[in-house]
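The values are calculated or read from the model by the stated rules, or taken from the named source; none is laboratory data. Computed from a predicted model, the values in this text were never measured in an experiment. Cβ atoms come from the backbone with ideal geometry, glycine included; neighbour counts cover every protein chain shown. Areas reflect the complete protein model, heavy atoms only, side chains present, ligands, DNA and RNA absent. Shrake-Rupley method; radii C 1.70, N 1.55, O 1.52, S 1.80 Å.
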Amino acid sequence: MTTTADENFNDWLRDAHAMEKQAEQMLTAQAERLEHYPELRARIVQHIDETRWQHSVLDEILARRGTDNSVLKDIGARLVAFGQAVGGMAASDEVVKGAMAGYVFENVEIASYTALIAAAKSVGDTTTQGQLQQILEQEKAMAAWLLDHLPQITQAFLARSATPGVEAKK
């Protein structure tokens, strides 16, 4: 049995939809716990808004292409995000590990949208290609911000951690 490029593309769009659901849940959980890192929290809150916009764009793309999201993939992504949030809460260095995990996740999103853009081009869907390019730029900006600020986040954590009576974790 063969799968057409359009079928693969639609399936990957459903994957991206689930990925954005996962991202929103992970980012929201992280932002809610950050108390002592206001710059990181503000950037995460900004990216939550971007993620919600990305999700709405994916809804629009799926509808235009005559398909919809995969409820199973969305539920699976939410369960993974919940597990990651709970696991992060237990780490004594949650803020550093969260920033590192966020950077890794942004790069997975970058790879995903890069492949989706190539697929959109292959199937001749230029409208979707342009929309996905906008999302890709947001993901690249967030990854770059996290990488640029990881030393500062790490140093702030280490300083807080070395100070008696000061919580450094979040």
Worksheet, complete the sentence: Sole miss for residue 52 among (1) in contact with a helix residue (DSSP H, G or I) (Cβ under 7 Å, 6 or more places away or on another chain); (2) closer than 19 Å to residue 67 by Cα; (3) surrounded by fewer than 16 Cβ atoms within 10 Å (Cβ to Cβ) is condition (2)
Worksheet entry | Total residues in region 1-46, condition under 30 Å from residue 161 (Cβ atoms) and open to solvent by 70 Å² or more (accessible area, probe 1.4 Å) | 6
Worksheet item: Can you name every residue in region 101-131 that is more than 17 Å from residue 62 (Cβ to Cβ), of a type in the set (Ser, Thr, Tyr) and in contact (Cβ under 8 Å) with a residue 60 or more places away in the chain?
Response: 122
Worksheet item: Consider residue 117 against the criteria (1) surrounded by 15 or more Cβ atoms within 10 Å (Cβ to Cβ); (2) over 20 Å from residue 28 (Cβ atoms); (3) modelled with pLDDT under 95: it satisfies all of them except one. Which criterion is unmet?
Response: (3)
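Per-residue answers, yes or no, for (1) in contact with a Gly (Cβ under 9 Å, 6 or more places away or on another chain); (2) open to solvent by less than 70 Å² (accessible area, probe 1.4 Å); (3) modelled with pLDDT of 95 or more; (4) not in a helix (DSSP H, G or I):
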| residue | (1), (2), (3), (4) |
| --- | --- |
| 60 | no, no, yes, no |
| 77 | no, yes, no, no |
| 87 | no, yes, no, no |
| 100 | no, no, no, no |
| 135 | no, yes, yes, no |
Worksheet entry | Within region 140-168, considering residues that are within 15 Å of the chain's Cα centre (by Cα) and touching a residue at least 40 places away in the same chain (Cβ under 8 Å), the one most open to solvent (accessible area, probe 1.4 Å) | 147
